[in-house]
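Engineer: Have a look at this one before I ask anything.
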Amino acid sequence: MIVDIGGRQGRGRALDLLVMERAAVLVVPSLAQLARKTAELAPMLAHYFSAPSGIADLITVGEGIDTRTRQGRIAIDVVCCVARFERGSVYHA
């Protein structure tokens, strides 16, 4: 099934299909299609696409990210870390 995510309604519909398990992979031209700001993007990535709690896989054509691969999962984790850094909540161990 192909869903045009050209806007917030399309994005919401695509994410709903993932939650309902009617789709297993979301393919987007770029991460910018999902959210405009890293602060908006990170929670979405963490909830829907980060292992082990992610409910689906994500492929971003422009960035070459595919969460079905180890490198893709690491790339998503890096984006989430950048968002935490931007919010000033990076913790040092």
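The values are calculated or read from the model by the stated rules, or taken from the named source; none is laboratory data. All values reported here derive from a predicted model rather than from experimental measurement. Cβ: placed from backbone, ideal geometry, glycine included. Neighbour counts: every protein chain shown.
Engineer: Scan the stretch 64-93 residue by residue and report those that are touching a helix residue (DSSP H, G or I) at 6+ places or on another chain (Cβ under 6 Å), under 25 Å from residue 21 (Cα atoms) and in a loop (DSSP other than H, G, I, E, B).
Structural biologist: Listed by number, the list holds a single entry, 67.
Engineer: Another question, if that's okay. Which of the residues belonging to the stretch 49-64 are surrounded by 19 or more Cβ atoms within 10 Å (Cβ to Cβ) and touching a Leu at 6+ places or on another chain (Cβ under 6 Å)?
Structural biologist: 49, 58, 60, listed by residue number.
Engineer: Output the residue which, of all residues in the stretch 16-34 that are over 20 Å from residue 64 (Cβ atoms) and either touching a Leu at 6+ places or on another chain (Cβ under 6 Å) or modelled with pLDDT under 85 (or both), is surrounded by the most Cβ atoms within 10 Å (Cβ to Cβ).
Structural biologist: Out of the qualifying residues, it is 23.
Engineer: Just need a number here: residues in the stretch 53-89 that are aliphatic (A, V, I, L, M) and farther than 17 Å from residue 32 by Cβ.
Structural biologist: 3
Engineer: Can I ask one more? Can you name the condition, by its number, that residue 37 falls short on among (1) out of contact with any strand residue (DSSP E or B) (no Cβ under 9 Å at 6 or more places or on another chain); (2) charged (D, E, K, R); (3) closer than 20 Å to residue 82 by Cβ; (4) modelled with pLDDT of 85 or more?
Structural biologist: (4)
Engineer: Would you pick out the residues in the stretch 64-91 that are among the acidic types (Asp, Glu) and at pLDDT 85 or above?
Structural biologist: 66, 77, listed by residue number.
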